[in-house]
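The values are calculated or read from the model by the stated rules, or taken from the named source; none is laboratory data. Bear in mind the structure is a predicted one, so any value in this text is a computation, not a measurement. Here the Cβ is made from the backbone with ideal geometry for all residues, glycine too, and neighbour counts use every protein chain on show. Note: accessible area is taken over every heavy atom of the protein model, side chains too, but ligands, DNA and RNA are not part of it. Shrake-Rupley method; radii C 1.70, N 1.55, O 1.52, S 1.80 Å.
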Amino acid sequence: MRSSGTATALPDGAGLLHVGMPKTGTTALQAALFDARPQLRELGVRNVSRGRHDMRVALTAAGTLPPYWDTEPFATRWQQLSERFRTSTDRCTIWSSETLTQAGPERVRYLADQLRRDGHEVHVVLTLRALAPLLASQWQEVLRRRGTDPLDVWLHRHFDAVDLDGTTHVTWTRVMPELHRLSLRRVLQEWGPVFGEDRITFVVGEPSDRLFNLRVFEGLMGVPEGTLLLQDLDNASLPYPEAEMVRHFNLAYTEGGGDHATWMYTVGGPGQLALRELTGLAPYPIRTPRWAARRANEYVEGWIEAVEASDARVIGDLANLLVDPEDHPDDTTPPETVSVASAGRIAEILFASGLEHDPATAATLEGTSGRELLREVGRRVRGRIGRRA
């Protein structure tokens with residue numbers, strides 16, 4: 001393992017492939033990279049993404065695009081993106097998508113083949129955070145994709161799916177178990193032989209330093225500090241009562257025979273983005289329970305050993321991936337009530353997301369903010385009411 005507190009610029013002509021992990025400040029990084037595109041081009045850096053995060057293009061690249069999406073346009077966009085990355089003559093070429101950590105072993109080899117740059121290196125970078133709080137964040141993200149398990153049930157299911165040594169006890173066709181996807185040991189085993197362990201960089205900042213990732217990527221790209229600016233984004237987790245209300249909606253929808261594709265085109269599309277605006281409500285954080293924090297540390301200790309024994313580079317302190325279990329609550333009984341104000345806002349979001357279900361235009365929603373989508377839905381609702389009057 002090579003360790004440092006700061007990042008040095010990659011060799012001229014190198015490709016920088018940021019592949020996650022999820023919920024590690026990736027949204028803020030991608031927003032900063034997108035907004036700084038003109039300045040970066042002047043400095044010899046090309047961001048090949050057409051938007052802040054080409055998520056469905058990345059799902060296509062990882063081989064995990066759900067079957068209910070029209071695959072053809074995203075396959076075309078993936079081929080265009082990979083060609084831009086592969087043929088770029090800029091001093092540094094970057095693509096960022098945490099979705100790429102969904103790629104299985106065969107798909108990792110495919111990605112390397114599609115993104116290989118003749119005569120130049122491709123470096124794989126992963127941003128990390130402590131596993132215990134990350135798991136709680138992942139659970140509430142699953143709720144935004146029709147998840148129905150309570151937090152404790154979901155945690156037990158994922159811990160039971162993967163042993164400490166990485167042995168998995170479930171088969172998957174599209175989405176791998178969380179503790180397998182998040183495993184640094186797996187990254188080394190599956191990405192290392194393909195890209196080279198010495199070209200894998202793990203970035204572990206201080207939890208309170210929101211600028212750490214931006215400064216690291218400025219260093220890797222070889223651009224002046226301050227080129228990437230922290231964006232005012234609302235990507236926090238839902239408060240626990242509101243998350244539980246969404247979960248119970250998912251349960252009712254599923255028990256009523258609702259199909260997943262329609263859910264994703266409505267609640268999972270404009271509704272999911274609009275739900276992010278509820279994060280400003282009265283704080284009631286979703287905390288990983290103490291028992292799960294202890295289990296998470298056990299996994300992380302093994303991952304740290306694997307990284308320390310590798311040729312990978314670490315920027316920051318791997319110890320930041322561990323937590324003090326005593327800082328986590330012993331009782332995480334889900335709340336059973338939600339304020340009538342929150343209930344009304346959530347009901348309006350769910351109602352609005354279902355008013356206009358047009359699969360033909362669903363693919364165009366990527367990169368659109370929740371506020372913009374709600375504004376458009378509201379405009380259509382007012383027009384519909386006016387026509388009826």
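Working carefully through the options Arg181, Arg215, Arg185, find the one that is basic (Lys, Arg), touching a residue at least 12 places away in the same chain (Cβ under 8 Å) and more than 16 Å from Leu131 (Cα to Cα).
On the way: Arg181 fails: more than 16 Å from Leu131 (Cα to Cα); Arg185 fails: more than 16 Å from Leu131 (Cα to Cα).
Within the list Arg181, Arg215, Arg185, the selection yields Arg215.
Exactly one of (1) open to solvent by 70 Å² or more (accessible area, probe 1.4 Å); (2) closer than 18 Å to Leu100 by Cα is unmet by Arg181. Its number? Unmet condition: (1).
Hey, among the residues in the range 3-21 that are part of a loop (DSSP other than H, G, I, E, B) and out of contact with any helix residue (DSSP H, G or I) (no Cβ under 8 Å at 6 or more places or on another chain), which one's surrounded by the most Cβ atoms within 10 Å (Cβ to Cβ)?
Gly13
Could you please find all residues in the range 287-301 being over 30 Å from Gly196 (Cα atoms) and either in contact with a Leu (Cβ under 7 Å, 6 or more places away or on another chain) or open to solvent by less than 10 Å² (accessible area, probe 1.4 Å) (or both)? Once the filter is applied, which keeps residues that are over 30 Å from Gly196 (Cα atoms) and either in contact with a Leu (Cβ under 7 Å, 6 or more places away or on another chain) or open to solvent by less than 10 Å² (accessible area, probe 1.4 Å) (or both), the range 287-301 yields Thr288, Pro289, Ala292, Ala293. When the range 47-70 is filtered for residues that are touching a Lys or Arg at 6+ places or on another chain (Cβ under 9 Å), in a helix (DSSP H, G or I) and modelled with pLDDT under 95, only Arg56 remains. Each residue in the range 105-146 was checked for being open to solvent by less than 20 Å² (accessible area, probe 1.4 Å), modelled with pLDDT under 95 and not in a helix (DSSP H, G or I), and 2 of them qualify.
Table: residues versus (1) farther than 18 Å from Leu134 by Cα; (2) buried (at least 20 other Cβ atoms within 10 Å of the Cβ); (3) within 26 Å of the chain's Cα centre (by Cα).
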{"residue": "Trp303", "(1), (2), (3)": "no, yes, yes"}
{"residue": "Glu308", "(1), (2), (3)": "yes, no, yes"}
{"residue": "Ile315", "(1), (2), (3)": "yes, yes, yes"}
{"residue": "Ala319", "(1), (2), (3)": "no, no, yes"}
{"residue": "Leu322", "(1), (2), (3)": "no, no, yes"}
{"residue": "Asp330", "(1), (2), (3)": "no, no, no"}
{"residue": "Ser339", "(1), (2), (3)": "yes, no, no"}
{"residue": "Ala343", "(1), (2), (3)": "yes, no, no"}
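Every residue in the range 23-47 that is among the small types (Gly, Ala, Ser) and crowded, with 18+ Cβ neighbours inside 10 Å, please. Walk me through it before giving the result.
First, the residues of the range 23-47 that are among the small types (Gly, Ala, Ser): 25, 28, 31-32, 36, 44.
Passing the criteria: Gly25, Ala28, Ala31, Ala32, Ala36.
If you take the residues of the range 147-177 that are open to solvent by 20 Å² or more (accessible area, probe 1.4 Å) and part of a helix (DSSP H, G or I), which of them is nearest to Thr332 (Cα to Cα)? Top of the filtered list is Asp152.
Report yes if some residue within the range 293-315 is modelled with pLDDT of 60 or more, among the basic types (Lys, Arg), touching a helix residue (DSSP H, G or I) at 6+ places or on another chain (Cβ under 6 Å) and under 30 Å from Arg186 (Cβ atoms); otherwise report no. Give the derivation first.
Filtering the range 293-315 for residues modelled with pLDDT of 60 or more gives 293-315.
Imposing the further condition that a residue be among the basic types (Lys, Arg) reduces the set to 294-295, 313.
Then keep just the ones that are touching a helix residue (DSSP H, G or I) at 6+ places or on another chain (Cβ under 6 Å); that gives 294-295.
Checking the rest, the ones that are also under 30 Å from Arg186 (Cβ atoms) come to 294-295.
Yes - at least one qualifying residue is present in the range 293-315.
So is Pro38 within 30 Å of Arg146 (Cβ to Cβ) and out of contact with any strand residue (DSSP E or B) (no Cβ under 9 Å at 6 or more places or on another chain) or not? The answer is no for Pro38. Filtering the range 267-276 for residues that are assigned to a helix (DSSP H, G or I) and surrounded by fewer than 18 Cβ atoms within 10 Å (Cβ to Cβ) leaves an empty set.
Within the range 213-229, the residues that satisfy the criterion of being crowded, with 21+ Cβ neighbours inside 10 Å and over 20 Å from the mean Cα position of the chain (by Cα) are Glu218, Leu220, Met221, Val223.
Being closer than 14 Å to Arg145 by Cβ and part of a helix (DSSP H, G or I) is the filter; apply it to the range 252-265 and report the residue that is nearest to the chain's Cα centre (by Cα).
If we take residues in the range 252-265 being closer than 14 Å to Arg145 by Cβ and part of a helix (DSSP H, G or I), then Met264 is nearest to the chain's Cα centre (by Cα).
Within the range 37-84, the set of residues being of a type in the set (Asp, Glu) and either under 20 Å from Gly269 (Cα atoms) or within 18 Å of the chain's Cα centre (by Cα) (or both) comprises Asp54, Asp70, Glu72. Determine if the range 63-83 includes at least one residue that is out of contact with any Leu (no Cβ under 8 Å at 6 or more places or on another chain) and closer than 27 Å to Arg215 by Cβ. Yes - at least one qualifying residue is present in the range 63-83. The set of residues in the range 22-46 being outside any helix (DSSP H, G or I) and either touching a Lys or Arg at 6+ places or on another chain (Cβ under 7 Å) or at pLDDT below 95 (or both) consists of Pro22, Lys23, Thr24, Gly25, Gly44, Val45. Those residues that are hydrophobic (A, V, I, L, M, F, W, C), within 13 Å of Gly104 (Cα to Cα) and assigned to a loop (DSSP other than H, G, I, E, B), I need them from the range 178-218; list them, please. If the condition is that a residue be hydrophobic (A, V, I, L, M, F, W, C), within 13 Å of Gly104 (Cα to Cα) and assigned to a loop (DSSP other than H, G, I, E, B), then Leu182 is the only one that fits.
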